[in-house]
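Take a look at the structure set out below.
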Amino acid sequence: MITPDTLAHLAAERRQKLGLSQAELAELAGVSLSFITKLEAGRANPGFRQLNQVLDAVGLTLSINPKS
């Protein structure tokens, strides 16, 4: 099962691979720096919109598929 913490970890890894600071990611995603800091530390409870904004900013997508 994928949790918000797992997605946050993937986004943080991708941010680092892209050479972005947390502040740069926050600006690209249209969210606050404190949100990015809390998200990456596992202390945020992101809504779908905010999480999608962050994932989009680092070039990741979230898709939902039916179970096999």
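The values are calculated or read from the model by the stated rules, or taken from the named source; none is laboratory data. All figures in this text were calculated on a predicted structure; none of them were measured in a lab. Virtual Cβ from ideal backbone geometry, glycine too; neighbours counted across all protein chains shown. Just so you know, the surface numbers come from the protein's heavy atoms only, side chains and all, with ligands and any DNA or RNA stripped out. Shrake-Rupley method; radii C 1.70, N 1.55, O 1.52, S 1.80 Å.
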Of the accessible area of the chain, computed with a 1.4 Å probe and all protein chains kept, carbon and sulfur make up a percent value of 52
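Contour minus end-to-end for Leu28 and Arg49, with contour as 0.36 nm per residue of separation and end-to-end as the Cα-Cα distance? Let's see the in-between values first.
On the way: separation 21, 0.36 × 21 = 7.56 nm, distance 1.42 nm.
Taking 0.36 nm per residue and subtracting the Cα distance, the gain is 6.1 nm.
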Whole-Hz Karplus couplings 3J(HN,Hα) for the stretch 47-62, θ = phi - 60° and coefficients 6.51, -1.76, 1.60, Gly and Pro as x, run x, 4, 4, 4, 4, 5, 4, 5, 4, 4, 5, 9, x, 10, 10, 10
The long-range amide H neighbours of Ala44, using H built 1.01 Å from N in the peptide plane and a cut-off of under 5 Å, are Leu39
Computed ³J(HN,Hα) along the stretch 24-34: with the Karplus parameters 6.51/-1.76/1.60, θ = phi - 60°, integer Hz and x for glycine or proline, the list is 5, 5, 4, 5, 4, 7, x, 10, 7, 4, 5
The simple spin-label model distance between Thr37 and Ile64, using points 7 Å out along Cα→Cβ, in nm, is 3.2
With the 1.4 Å probe rolled over protein heavy atoms, the chain has an accessible area per residue in Å² of 70
